[in-house]
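Please treat every number below as a calculation from the coordinates, not as lab data. In this text the structure is predicted, and so the values were computed from the model without any measurement. With ideal geometry, Cβ positions are generated from the backbone for all residues, glycine too; neighbour counts draw on all protein chains shown.
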Amino acid sequence: MSRRTLFLVTCGAPLAYRLEDGVRAAQEDGWSPYVIPTDAALPWLEDQDLGDVPVIIGNRKPGEPRRTPAADAVVVVPATFHTLNAWAAGNAYSYPLTTLCAALGSRTPTVAVPYASDELTNHPAWSASLTMLRRAGIQIVDPHDGTSGSVRPIAPGTKVVDAFRWEWVFKQLAATDRS
Ligand SMILES: Cc1cc2nc3c(=O)[nH]c(=O)nc-3n(C[C@H](O)[C@H](O)[C@H](O)COP(=O)(O)O)c2cc1C
């Protein structure tokens, strides 16, 4: 059976350090992944070995062929305060945001792992954005423990990056795909 296409969108926060593991986990789960980083995520990717997985940066030029097949599913790990709010508001001013807005509009199964400190999550836009995305069918996964009921802010000095398990994302995706 041919592998299905997964867009791995990643944003500028420390959990982006685990993208290499995410690429491997996606392949082991039977996906063909494409990495779609925001500009702010790029410094976190510098020393990671993503193998021969395509990394799609920025918009294609007019007339340039599409660089990916259509997505069967999308994950966004980590989803920053900035990207999550922009996505919920329907802003598509970058390639990763266009990808996320299109996934939502086409009801492509999508899992988001929000990642922000309480200084940011106490801003009222955060909870409004999470509510909006959930209502639109986006599956939200807490980076602390993989649960989907609520999202705790990242406390300073916690080991969330190391403790995060990609299997939480793929488990949620499998459940979403079946529904
Ligand atoms: C070292 C560092 C750590 C950061 N950690 C976070 C974070 O945990 N969550 C967050 O929402 N933004 C974090 N930011 C800020 C984002 O990178 C910034 O808001 C950026 O504009 C996000 O862009 P993006 O959503 O396009 O990736 C961090 C920035 C730096 C430099």
>> Looking at the chain as a GNM with Cα springs under 10 Å, which of SER150, SER129, SER94 has the largest mean-square fluctuation?
In response: SER150
> If you build a Gaussian network model of the chain, linking Cα atoms that sit under 10 Å apart, which residue out of ALA89, ALA163, ALA116 swings the most?
Replying inline: ALA163
>> Rounded, prolate or oblate, given the Cα gyration tensor of the stretch 1-79, with a/c below 1.5 counting as rounded?
In response: oblate
>> At a threshold of 8 angstrom on Cα-Cα distance, excluding pairs fewer than six apart, so keeping six or more, what relative contact order does the chain reach in percent?
In response: 22
>> Placing unit charges on C-beta atoms (Lys and Arg positive, Asp and Glu negative, everything else neutral), compute the dipole magnitude of the stretch 4-178 about its Cα centre in debye, rounded to 20.
In response: 700
> Within a Cβ distance under 13 Å of PHE81, other residues only, what is the Lys/Arg minus Asp/Glu net charge?
Replying inline: -2
>> Quick check: pseudo-label points 7 Å beyond the Cα along Cα→Cβ at LYS159 and ALA128, how many nm apart are they?
In response: 3.8
> Which residues' amide hydrogens lie under 5 Å from the amide hydrogen of ARG4, considering only partners 5 or more residues apart or on another chain, with H built in the peptide plane?
Replying inline: SER32
> From the Cα gyration tensor of the chain, with a ≥ b ≥ c the square roots of its eigenvalues, which class applies: rounded if a/c is under 1.5, or else prolate if a/b is larger than b/c, or else oblate?
Replying inline: rounded
> Tell me, what HN-Hα J-couplings in whole Hz come from the Karplus equation 6.51 cos²θ - 1.76 cosθ + 1.60 at θ = phi - 60° for each residue of the stretch 28-39, using x for Gly and Pro?
Replying inline: 5, 8, x, 9, 9, x, 10, 8, 10, x, 6, 4
>> Sorting check: for 3-14, 130-141, which peptide has the highest mean count of neighbouring beta carbons within 10 Å, and how do the rest follow?
In response: 3-14, 130-141
> Just ARG165, ARG24, ARG60 to compare: in a GNM of the chain, with alpha carbon springs under 10 Å, which one fluctuates most?
Replying inline: ARG60
